[in-house]
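To keep things clear, I will list the structure first and then write my remarks on it.
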Amino acid sequence: MNMIKLVATDLDGTLVHDRKMDPHDRKAIIRLLSKGIPVVPVTTRMRYSSSEILRDVPIFDYPIVCMNGAVVNSSGWDSNDCEIWMEKTHKKDIAETISSYADEKGFEVSTIFAERKFWKVRDGQKPGSLENDPITWLVEKNQDALEYGSPISFMMHSDRNGKDGLSDMEEFSKSRCGRTVTIHRHHRMGEWIALTIYPDEINKKSALDLVCDKMGIPLKEVLAIGDDEVDKEMLESAGVGIAMGNSPEYIKDVADDVAPTCLGQGFSWAVDKYLL
């Protein structure tokens, strides 16, 4: 087996559950860092929400891959002043097509930029900044968010739109936008809970390639850990790919090994087995 020089880990469903990390997994990260092994988050989340979750872990000396690979930030990413290594946004006409259809169907869509996201107002809410949340703004219509510019992604959740709504938007985006978009399904414990729509050719593996190139570490010397469809290419390409026990079966099938679940300290199990 190749010597592992970097650990790339998904967050939700892998390292954290409901924004919380198991103490054993936190200790595993600290042990890795103390041995000089970088830990790089590779997540669907934005930079800001990732930094809030990982605030008490000394992980900011290394880069982060955000938004499924659409954004890559340098070290020091707990600060707004960090360097942006990559950022890819939707083309204006594609963003307008998706937002317009969402408004026509009455869907609730999160329109997401690198440092700001917009939600459609719900009953009793008014447009404007969301209290106690510096990056979230409310808008009357999904299309109103485009006044801020061209977004990086759109995200829909099943709890607000239903799985039929997710399927509807998925099929519409495929038929109307074709290869200009990348569509990801997101699962929790095997259940489809969300849909994201990114510009074409966005994936975690390509973003991790950039990180490895910047850090001078071959991808074959990376241990990658994930739990969902968006992690597939990363797990297949890394030197060692670990699927969590809560992953769909087709993700387990492409991995080199299967760890316990996120709630079962699967992250610390993986790094103990292969590194510590």
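The values are calculated or read from the model by the stated rules, or taken from the named source; none is laboratory data. Bear in mind the structure is a predicted one, so any value in this text is a computation, not a measurement. Glycine also receives a Cβ, built like all others from the backbone with ideal geometry; neighbour counts cover every protein chain displayed.
Residues that are among the β-branched types (Val, Ile, Thr) and in contact (Cβ under 8 Å) with a residue 24 or more places away in the chain, at least 1 per element: which strands (runs of 3 or more DSSP E) completely within the range 38-121 meet that?
Per the criteria, 39-41, 64-66, 71-73, 84-87, 110-112.
List, please: which pairs have Cβ atoms under 6 Å, are six or more places apart or on different chains, and start with a residue in the range 213-232 that is touching a residue at least 60 places away in the same chain (Cβ under 8 Å) and end with one that is in a helix (DSSP H, G or I) and of a type in the set (A, V, I, L, M, F, W, C)?
Close Cβ pairs satisfying both conditions: 224/234; 224/235; 225/270; 226/235.
Mind listing whichever residues of the range 122-164 are in a loop (DSSP other than H, G, I, E, B) and under 24 Å from residue 80 (Cβ atoms)?
Passing the criteria: 130, 131, 132, 133, 134, 135, 149, 150, 151, 152.
Does any residue of the range 208-229 turn out to be within 14 Å of the chain's Cα centre (by Cα) and basic (Lys, Arg)?
No, every residue in the range 208-229 fails to be within 14 Å of the chain's Cα centre (by Cα) and basic (Lys, Arg).
From the list 143, 125, exactly one residue is farther than 25 Å from residue 206 by Cβ, out of contact with any Phe, Trp or Tyr (no Cβ under 7 Å at 6 or more places or on another chain) and modelled with pLDDT under 95. Which is it?
Within the list 143, 125, the selection yields 125.
For the condition in the same structural domain as residue 220 (by TED's automatic domain parsing) and either on the phi > 0 side of the Ramachandran plot or among the small types (Gly, Ala, Ser) (or both), what is the one hit in 173, 206, 158, 150?
206
If residue 73 passes every condition in (1) surrounded by fewer than 21 Cβ atoms within 10 Å (Cβ to Cβ); (2) touching a helix residue (DSSP H, G or I) at 6+ places or on another chain (Cβ under 7 Å) but one, which one does it miss?
Answer for residue 73: the failing condition is (1).
Would it be correct to say that residue 228 is under 29 Å from residue 177 (Cα atoms) and surrounded by 21 or more Cβ atoms within 10 Å (Cβ to Cβ)?
yes
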